[in-house]
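In what follows, a single structure is set out as structure tokens and then discussed.
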Amino acid sequence: MEEGKELVEQIATDTQRALNGLGLLLQEVRSLKAEVFNLHEHVEKLSKLKQFPESSETIGKLTAAKALAKLEAQKIMRNGRGNRNEYATMEDLREAFEGPLAKNGLDITFFMTERNGEWLLASRLSHSSGEWFQSVSRLNSEKQSIQDKDQAMAASLSYQKRYMFMVLVGI
């Protein structure tokens with residue numbers, strides 16, 4: 001009788017250990033399932049976005065021309081005055097880079113586009129070979145009144161053009 005009781009206790013202990021192990025395994029599976037779900041959501045969001053930056057199939061000639069233009073560029077002046085510091089205006093950037101860009105067959109073009117209700121600034125660096133590289137940034141116009149929205153859009157456009165110019169030329 002004593003042996004039977006010990007056997008039942010051993011079976012109960014083993015069963016409890018097995019259940020505990022299954023519980024831990026189930027928690028791990030749930031955790032992995034949550035991670036996979038989160039990863040799936042992230043991949044789904046990425047697949048809905050158009051990948052930026054975009055470029056032509058090759059950019060070797062463009063890259064070489066850009067490197068030469070950077071070497072030939074003049075010192076960038078900082079004629080803009082802001083609340084905190086001086087900054088390079090779009091005119092300053094053009095003065096420093098327009099000649100070297102043109103000499104090396106490069107051009108920068110800006111255009112606005114709308115996607116999913118948001119205004120974007122597309123900025124493209126093109127080379128005479130047909131190669132190109134572009135980046136897109138969101139324009140901010142989150143103000144209350146129509147006049148404020150227009151002013152915010154204009155300010156955002158000016159700011160984004162200046163910074164996208166610097167991004168495209170690599171400074």
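All of the numbers you see were taken from the coordinates with simple rules; none came from a lab. The model shown is predicted, which means the values in this text are computed figures rather than measured ones. Neighbour counts are summed over all protein chains in view; Cβ atoms, including those assigned to glycine, are modelled from backbone coordinates with ideal geometry.
Pull out the extension gain between residue 148 and residue 103, defined as 0.36 nm times the separation in residues minus the alpha carbon to alpha carbon distance; nm, one decimal. Please report the intermediate quantities before stating the final value.
Details: separation 45, 0.36 × 45 = 16.20 nm, distance 4.05 nm.
Taking 0.36 nm per residue and subtracting the Cα distance, the gain is 12.2 nm.
With the simple spin-label model, which puts each label point 7 Å out from Cα in the Cβ direction, the residue 16 to residue 79 separation comes to 8.4 nm. When each of the peptides 82-88, 116-122 is scored by the mean number of other C-beta atoms lying within 10 Å of its residues, the order from highest to lowest reads 116-122, 82-88. Rg over Rh for region 54-169 works out to 1.02, using Cα positions for both radii and the Kirkwood form for Rh.
Between residue 56 and residue 128, the simple label model (points 7 Å from Cα in the Cβ direction) yields a spacing of 1.3 nm.
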